[in-house]
Each structure stands twice: as structure tokens, then as C-alpha cells.
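Student: One structure is given below, represented as C-alpha cells, and several questions about it will come after.
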Amino acid sequence: MNYGEIKNCDIANGLGVRVSLFVSGCTHHCKGCFNPMTWDFGYGKPFTEDTEKQLLEMLAPDHIDGLTLLGGEPMEADNQRALLPFLKKVRERYPNKNIWCYTGYTLETDLLSASRARCEVTDEFLSLIDVLVDGEFILEKKNISLSFRGSENQRVINLPETLAEGKIVLEDL
């Protein structure tokens, strides 16, 4: 897996101060995407053990609330496989920090049901995420007044509660 960018002290992609990892590779190709260069799976730099170490160090300060995954598309099957071991390390080392994930896939139809995004690691991957922002960006539904999402169809989902209750529970922002 490659990544396009790492942002430290990011306040735009989740609650609080975050470390954000922009992965490469996306098959959605949303019209009006803010990051189209990351559609290419080969864009950017390889995600290596050194990259993981750098991210883990960036997450260490108390003022950092958590990690955000976006891109590109973290939920592309190959990206899930590459990110899962890293997410386990984040959870082990920082159990009190939260993990947000932005995806153009929809939770019920693409990630919890058979689809090209769902693979052998999807359930475990989802179990490590606190907040899932799902749904493709739709330019015609763009709304700049929304918190942590770009278009009105997208949802900010409390993933642990959603998985426990078996119904969508939106994050109270």
C-alpha cells in the first residue's frame, strides 16, 4: 500500500487534534473529489514499518485525540489488509485514543454485505474503528456547513454502538 500524505495536528478530519493518514488508491472517482491524485494506488510513498513507527510517535502526545484514515479509500480491500496490523498496534499502544475512517463505501451495503470492498479482514478492521464517515462524496449534495463530511448523503457513524445494536447510530456532534 502507498500513502499520499500524513498530517500531524489535523483538526479538520475528526473531533479534536488528530494524526491523519491519506492512503492511496480509490475506485470511486467521485466528481469534485478534493484529493483525486490519491485515486492511483501507486501514488505517493510506500507504507512501511518506518511509516508505522513515525505515525505511532506522532500519536504519543496527550493533546492528540486519535488517528484518522482517509485518502484515497482506506476500505479498498488491499488497503484494509495493509492497514489492519497497524490499527492493531495503535489500539494496543493507545487504547484511549479514537480512530476515525472516511470511506466512500456504505456500511450496510458495501462493508457488512457481500461486495467488492468486503474481504476476509473487513469485520476485524471495522471492530477497530470508532467513527466511520461513510458514503461517496456527491458534488450535487455538497454542503460546507456539515461537520466532518462534505455532502448531505454522508453519515458520521458511531461504529461500536452501530455494530452492537445492529442498526445505524449516528455520532452526536
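Student: Normalising by the residue count of the stretch 1-87, find the relative contact order in percent from Cα pairs under 8 Å and 6+ residues apart.
Tutor: 38
Student: Same structure again: Can you work out ³J(HN,Hα) from phi for every residue in the stretch 79-84, in order, using Karplus 6.51 cos²θ - 1.76 cosθ + 1.60 and θ = phi - 60°, giving whole Hz and x for Gly and Pro?
Tutor: Per residue, the Karplus-derived 3J(HN,Hα) values read 6, 4, 4, 6, 7, 3 Hz.
Student: Explain nothing, just compute: Karplus ³J(HN,Hα) = 6.51 cos²θ - 1.76 cosθ + 1.60, θ = phi - 60°, for every residue of the stretch 93-104 in order, whole Hz, x for Gly and Pro.
Tutor: Each residue of the stretch 93-104 in turn: 6, 10, x, 9, 8, 9, 10, 10, 9, 9, 9, x Hz.
Student: For the chain, calculate the relative contact order in percent as a whole number, restricting contacts to Cα pairs under 8 Å that are 6 or more residues apart. Working shown, then result.
Tutor: Values: 345 pairs, mean separation 32.8, N = 173.
Once divided by the residue count of the chain, the mean separation gives 19 percent.
Student: Further question on the same structure: Starting from the Cα coordinates of the stretch 82-125, work out the convex hull volume and express it per residue in Å³.
Tutor: 83
Student: Taking 2.2 N^0.38 Å as the expected size of a compact globular protein, what ratio does the Cα radius of gyration of the stretch 46-120 give against it, to two decimals?
Tutor: Against the empirical 2.2 N^0.38 Å value, I get 1.17 for the stretch 46-120.
Student: Can you pull the three principal axis extents for the Cα set of the stretch 1-100, in Å, largest first?
Tutor: Each principal axis gives a Cα extent; for the stretch 1-100 these are 37, 26, 18 Å.
Student: Over the Cα atoms of the stretch 102-173, how large are the radius of gyration and the largest Cα-Cα distance (Dmax), in Å?
Tutor: 12.3, 37
Student: Between the alpha-carbon centers of the stretch 110-173 and the stretch 23-101, tell me the distance in whole angstrom.
Tutor: Centre-to-centre distance over Cα atoms comes out at 16 Å.
Student: Restricting to the stretch 2-165, compute how many DSSP beta bridges are antiparallel as a %, nearest 5.
Tutor: Once the DSSP bridges in the stretch 2-165 are tallied, antiparallel ones form about 50 percent.
Student: What is the ratio of the Cα radius of gyration of the chain to 2.2 N^0.38 Å, with N the residue count, to two decimals? The partial results should precede the final answer.
Tutor: On the way: Rg = 14.8 Å, N = 173, 2.2 N^0.38 = 15.6 Å.
Here the Cα radius of gyration is 0.95 times the empirical estimate.
Every number here is computed from the coordinates shown, using simple stated rules; none is lab data. Everything numeric here is computed off the predicted structure, so don't read it as measured data.
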